[in-house]
Each structure stands twice: as C-alpha cells, then as structure tokens.
Amino acid sequence: MNTSNEKRIQWVHEYLLNLKLENALKQYYMGRKILVTGGAGAIGSNLVLALAELVGPDGRVVILDNLSSIKEKNPWNVVPLGNVMFVEGDVRDDVDLKRVFKEDITHVFHLAAFFANQNSVDYPEISAEVDIIGLIRLLEYSRLARVEKFVYASSGCAIYGSYPQLPLKEDFISMHLTTPYQINKMTGEMYCNFYAHHYDMRTINCRFFNSYGPGEVPGQYRNVIPNFIYWAMHGQVLPITGTGEETRDFAYVLDLVQGLIKSGYYQEAVGENFNLASGREISILDMAKLVNEATGNKAELTYKPRRKWDTKPRLLASIEKAEKLIRYRPMVKFEDGFKKNVEWFRDNWDVIVKMADFPPGMSSAVRDNT
Ligand SMILES: NC(=O)c1ccc[n+]([C@@H]2O[C@H](COP(=O)([O-])OP(=O)(O)OC[C@H]3O[C@@H](n4cnc5c(N)ncnc54)[C@H](O)[C@@H]3O)[C@@H](O)[C@H]2O)c1
C-alpha cells in the first residue's frame, strides 16, 4: 500500500474516532456484507473505507463500479483492503448484478450514477438508462435478496428546482427541474418510495449537497472545487460561470459518509428523505479566492455566462431533519476540509493528472479553460 493510501485510511479512521459512534451502531455493522455501487467514485471510495472498518474482518464490502467517471480504466481510487472486493461492472447488467448478489448482500448503498447535470444534458438517454433503469434493476435484485436496508444517493442540489426558499427543507417540492440528471434523481426517490410502499423494502433517500474532499478526480463533468484546484495547480485562470456571488452548501465528503452510515443504521430513517449538507453557505468567489491562495495561483479570475440549466443562485440546506432522525452532525469546517482536499491533490498529483478527464471537444462551460 502506498503512503497516500495509508494517509487516506488514517483520515477516515480519525474521522470515525472523532465521531464517537455509539456501540450499538458498531455492533450493527460488524460482519455485514455491504454492496456499494459507485464505490470507486468520489464519495463511494470514502464510504468504502469507513464501511471496511465497521464491518470488520468477518464482513465484506463489495464494490460494483464500471469506472466510467475517470479517463483511465484503473480502480486507483479503491484502496486494496482484505475485506473489500472490487467488481468492475455495470448496474444495468444482469450478469454483473448476479455476480455481486452471490455475496449474500445485507445492505445496499446505491451511489453509482451518470454524474451529473452537464453530462446528462449531453447524453440524456444514457443518463436515464443508468440512473433510472439501473436503479430499478438494482432495487429488484435487492428485493429478491431481501436486503435489510437500501440507501439511495439522491441530490439536494438537483431535486429542489429553481428559486426555492432557503434554507431548503425536505417538504419543498418543485416540478421546475432543469436537467435530465435532476429529473432522474427525483424519479429515483419515487422508485425507492414505490419499493418501500409496495414491497415493504426499507429504503432511505439521502439528499446530498455539493460534495468536496479527497477522492474526487477533476474532469469536464465534475464539481467546481476539484476542477478549480486542478486548474489553479496548473497556474490557469479560474472560470466563474455567473457573478461569483452565487452560493453553495459545500459538504465535506466524510460528513456525507457519516450521514450514509447513520442512515443505514437508524430505524427512524427508513422510508424517509432528508438533506445531508453542511448547513453553511459559501460564495463561489470566496471559494475561488481560497483556491488561488492555497495553491499560490497568480492567474486572474474570469467570468462567463451562467449555464442555462444553472438556475439556483443560492443553495443552503436545512439539516434539521437529519439531525433529528439520524443524529447527523457535520464535523468538518469548510476551511479544514478544503486544506485536506488540497493536500490530497498534492499527494496524488501525478495520478490525478493522468485520470483527469478533459477531452478535446468537450461541450460544457469548461471548454475554453483547457
Ligand atoms: N458529488 C456530489 O456533489 C453529489 C451531490 C449530490 C448527489 N450526489 C450523488 O452521489 C453519488 C456519488 O457521487 P460521486 O460524486 O461520488 O460521483 P462519482 O461519479 O465520483 O461516482 C459514481 C461512480 O459510479 C460509477 N458508475 C457510473 N455509472 C455506472 C454504471 N452504469 N454502473 C456501475 N457504476 C457506474 C462511476 O464509475 C463512479 O465511480 C451519485 O449518485 C451522485 O449523483 C453527488
């Protein structure tokens, strides 16, 4: 195992220790066989490290991931551990699903998705196949395998629609969704609700807000923070789509992992949907300045028109429901999580450069920056 992997494991272990998880929760996960779809991805790879610790040597974490998020087919984001099994495969594929469900799966964390807005605008059909058909197939296998819990990665940035009232509360519903990805995430929640209602499956919808932190490889369809760090480390101009006054509720990836682990445990979460976020608003301009400062980038910022689908000038989540239902408690201040993110980039720079996906001919708003 290389030193950067060791560091990542250490960060996850430190986080879990600081979290002071109750003993009953630790007992609950011990020895379980857990499927994480999208487990080689930004959030999934962190979740896998935490679950590998919780299930112990007699348990197993099975990853199903087709590695479509990165340029090179290489499960580099999966740390080799004795109780982690990696299956390169697709959530739409029966053969791959049969393979992973042979492992007597008890819990499913469904994180695989066709990520994200711009990607779905460019490829609406594949996006629906992965996010909707893939989900239904996985729900069917999970139902037949009688899994105890099915935790679905929904998106608070996606499903609340345009110009909602802040802070965003779970009972707000909007039909004004502006990308296929957003429509898929909303539809995904509804399918989980259907399986809960009709088959008494224990499904849980977790609505993540913008994630950042170690594990996310930059790319044309990736989030703003990894892309800004990447460009800044190349000494390039950071392109702001809009005025920079726009805000986001950036959630540190291990805080999201905390939310997932607790969602899979607390009975109160079953059949529910709730936000997982930081509960703090940060402007894109402040974030961009922080990126340039941390990386010593002297290039100016540049401003571009907002993308047509980007109709949310501000995002701030209420996390009250998650605090109440699953005792969710975000623990990492943005400034601290951000420092870890930059450190992870420095530790893994050569591999990140190889894996970063900015092909020629890209269609998103990042086109002119590479
Ligand atoms: N990152 C965020 O800010 C954010 C915000 C809200 C919701 N979410 C949701 O959280 C989940 C994880 O997000 P992430 O940032 O880790 O994304 P990610 O793209 O890094 O991870 C998703 C993983 O799924 C895999 N995948 C894609 N299609 C697949 C398929 N057909 N079969 C098997 N594997 C497939 C990819 O290779 C990737 O490793 C996604 O469902 C996403 O929609 C993420």
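Nothing in this text is a laboratory measurement; each read-out follows from the coordinates by a stated rule. The structure displayed is predicted, hence computed values, not measured ones. Every residue, glycine as well, gets a Cβ built from its backbone with ideal geometry; the counts of neighbours run over all protein chains shown.
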Unit charges on C-beta of K, R, D, E only; dipole of the stretch 249-370, Debye: 260 debye
Viscosity 1.567 mPa s, temperature 4 °C, Stokes-Einstein D of the chain from Kirkwood C-alpha radius, µm²/s: 63 µm²/s
21 Å Cα-Cα threshold exceeded, pairs from 289/333; 73/339; 20/169: 73/339; 20/169
Anchor residue 354: aspartates and glutamates whose Cα lies under 17 Å away (excluding residues fewer than 8 positions away in-chain): 72, 216
Nearest 10 degrees, 0 to 90: helix 42-55 Cα axis against the chain principal axis: 30 degrees
Residue exposure sequence - 327, 248 - by fewest surrounding Cβ within 10 Å: 327, 248
Rounded to the nearest 20 debye, dipole of the chain from Cβ charges on Lys, Arg, Asp, Glu: 260 debye
Part-to-part distance (alpha-carbon centres) for the stretch 4-38 and the stretch 174-204, which is given in Å: 27 Å
DSSP-assigned coil residues among trypsin sites (Lys or Arg not before Pro) in the stretch 21-113, each with at most 12 further Cβ atoms within 10 Å: 73, 102
Choice from 97, 276, 166 showing the highest fluctuation, given a GNM over the chain with Cα pairs closer than 10 Å: 166
Spin-label pair residue 174/residue 200, simplified geometry with 7 Å Cα→Cβ offset, distance in nm: 3.8 nm
Helix 134-144 axis, angle to the chain major axis (alpha carbon atoms, nearest 10°): 20 degrees
Qualifying lysines (Cα of each under 16 Å from Cα of residue 98; at least 8 residues distant if same chain): 33
Within the stretch 261-294, backbone nitrogen closer than 18 Å to the virtual label 7 Å beyond the Cα of residue 103 toward Cβ: 261, 264
